[in-house]
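The values are calculated or read from the model by the stated rules, or taken from the named source; none is laboratory data. Here the structure is a predicted model, which means the values were calculated and not measured. Ideal geometry is used to build each Cβ from the backbone, glycine not excepted, and the neighbour counts take in all protein chains shown.
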Amino acid sequence: MLGELKRLLWADDEPDRLEYEAEFVMSLGSRVDFAKTLLQAVDALRQARYDGLILDQMFPVGIEDGPNIWGGCLLLRWLRRIDVPNGVPEDLRQVTSAIWTSGPLEGNESIPVHLVSAFYNPSILALIRESEQNAKLRPSPKPTDTARLKEFFHLVESR
């Protein structure tokens, strides 16, 4: 439908630091929902249909955790219905095993992803790229600039 707002999920543990970027994306014609943890993002992706995901590589798995280098990778692999990779610490493997029992709402598994991070772990980035064989991944540094957000929004809009 022409003029319909695109719905984006922004998975980042610091949404209060993204006010400017979120306002910019909304000005392009989108609604933005935030998830501060992997568990919140999984819940959102199970309950609502999204047109795109802006994903921080390093964000918490659960409410009590701090940023975790595995957060973004695990969310993306769950979204794409790919197994938990080797190398994930055992405590995270136990937490996430319950998540893998069911997937996202139909249609969400193929949404484009804009990956942002202030720090990219090369081995985890390789696992993330493996998840994105269809080349819908749009990585950028954090904070991400408006030109990259606009490029991502146009990708979302074109679907």
When restricted to VAL61, VAL25, VAL88, the only residue in a helix (DSSP H, G or I) and β-branched (Val, Ile, Thr) is VAL25
When segment 19-39 is checked residue by residue, the ones that are out of contact with any Gly (no Cβ under 9 Å at 6 or more places or on another chain), in contact (Cβ under 8 Å) with a residue 12 or more places away in the chain and not acidic (Asp, Glu) are ALA22, PHE24, VAL25, LEU28, ARG31, VAL32, PHE34, ALA35, LYS36
- Kindly establish whether LEU155 is crowded, with 17+ Cβ neighbours inside 10 Å, at pLDDT 75 or above and either part of a helix (DSSP H, G or I) or in contact with a strand residue (DSSP E or B) (Cβ under 6 Å, 6 or more places away or on another chain) (or both). no
Would you check if there is a residue in segment 5-22 being at pLDDT 95 or above, in a loop (DSSP other than H, G, I, E, B), among the aliphatic types (A, V, I, L, M) and within 22 Å of GLU109 (Cα to Cα)? no
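For (1) surrounded by 21 or more Cβ atoms within 10 Å (Cβ to Cβ); (2) closer than 28 Å to SER158 by Cα, each residue gets a yes or a no:
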site	(1), (2)
ALA11	yes, yes
ASP16	no, no
LYS36	no, yes
LEU53	yes, yes
GLY72	yes, yes
ASN86	no, no
GLN94	no, no
SER110	no, yes
